[in-house]
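Here the structure is laid out as structure tokens; the discussion comes afterwards.
Derivation of every value follows stated rules applied to the coordinates shown; laboratory data play no part. Bear in mind the structure is a predicted one, so any value in this text is a computation, not a measurement. Cβ atoms come from the backbone with ideal geometry, glycine included; neighbour counts cover every protein chain shown.
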Amino acid sequence: MYLVKTPQFIQNFFPNYTWRIPTDEKRIFLTFDDGPIPEVTPWVLEQLAAYDAKATFFCVGDNVRKFPEVFAQVKAAGHAVGNHTFNHLNGWSTENVAYFHNVRHCANLIDSALFRPPYGRLKPKQAQFLQRHYRIVMWDILSGDFDPTITPEQCLENVLHNVSPGAIIVFHDSLKAQDKLTYVLPLVLETLSKQGYTFEALNDKQVEQKALLLRTA
């Protein structure tokens with residue numbers, strides 16, 4: 001069970017997380033979790049390039065280790081990258097110190113102040129610690145491309161029905177999501193482009209400065 005659209009009361013309850021980007025302009029922030037992998041990520045890059053779209057890839061460290069050339073393609077194309085732990089850990093079922101070490105292991109391969117917890121699951125102590133060093137990015141819209149019980153058409157509807165300026169949208173450049181992603185992503189890019197939306201990457205430069213101040217305070 002998951003929520004396609006994150007309710008405002010949840011966003012308000014966790015104000016230190018980034019759920020969307022405040023803007024009145026037609027700007028959308030596509031994000032891709034769980035890659036990079038050679039079977040899916042290069043295709044995603046091609047689709048984005050066709051619309052001059054930038055996105056943010058929350059990468060699993062072990063995939064970066066296994067496929068450094070694909071990770072290099074993501075960065076060379078001008079997209080942002082973020083930490084998604086080294087082994088796609090569920091924070092709720094992982095001891096805190098082990099979780100922090102796993103995040104740090106990933107950080108050795110991914111230089112970014114952006115962090116997204118797999119499954120969106122963090123214990124309070126984990127969040128408290130990570131917020132000192134990272135901008136924790138959640139989402140406004142969960143496409144459901146990972147869900148085998150919905151159709152590609154429903155996945156597309158999940159995005160188009162809920163989109164609004166500043167939305168952070170989650171897709172997955174993974175084998176599990178591949179079938180739905182190959183249907184949905186081109187149509188999302190085409191449809192929203194025609195509606196005047198642009199697609200931008202999340203920027204962590206300001207966050208890097210904040211994290212530095214926290215570490216030296």
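Quick look at the values:
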read-out: Charge sum, other residues only, whose C-beta stays under 12 Å from W19's C-beta, Lys/Arg counted +1 and Asp/Glu -1; value: +3
read-out: The chain - mean residue ellipticity at 222 nm from DSSP helices (-39,500 (n - 2.57) per run, n ≥ 4, rounded to 500); value: -12000 deg cm²/dmol
read-out: Residue order, fewest to most beta carbons within 10 Å, for T23, T85; value: T23, T85
read-out: Cross-link reach list, aspartates and glutamates versus K54, counting only Cα pairs under 12 Å and skipping chain neighbours closer than eight places; value: E46, E200
read-out: Total formal charge among the other residues, if their Cβ is under 15 angstrom from that of L156, Lys/Arg +1 and Asp/Glu -1; value: -3
read-out: Cα gyration tensor, the range 1-90 - rounded (a/c under 1.5), prolate or oblate; value: oblate
read-out: Net +/- balance of residues flanking F32 in space, Cβ distance below 12 Å, scoring K and R +1, D and E -1; value: -2
read-out: Amide H partners (placed H, <5 Å) of F57, local residues excluded; value: F32, A80, V81, G82
read-out: Cα centroid of the range 7-41 to Cα centroid of the range 144-196, whole Å; value: 13 Å
read-out: Length-normalised contact order for the range 8-216 - Cα pairs under 8 Å, 6+ apart - percent; value: 32 percent
read-out: Computed FRET value (nearest 0.05) for R65 with F100, which takes r as the C-beta separation and R₀ as 22 Å; value: 0.70
read-out: Built amide H within the under 5 Å cut-off of T198, gap 5+; value: R27, I28
read-out: Candidates N162, N12, N63, ranked by Gaussian network fluctuation over the chain, Cα under 10 Å, top entry; value: N12
read-out: Cα gyration tensor shape of the range 119-209, rounded if a/c is under 1.5, else prolate or oblate by comparing a/b with b/c; value: oblate
read-out: DSSP beta bridges in the chain [antiparallel fraction, %, rounded to 5]; value: 10 percent
read-out: Convex hull volume per residue in cubic angstrom - Cα atoms of the range 11-52; value: 93 Å³
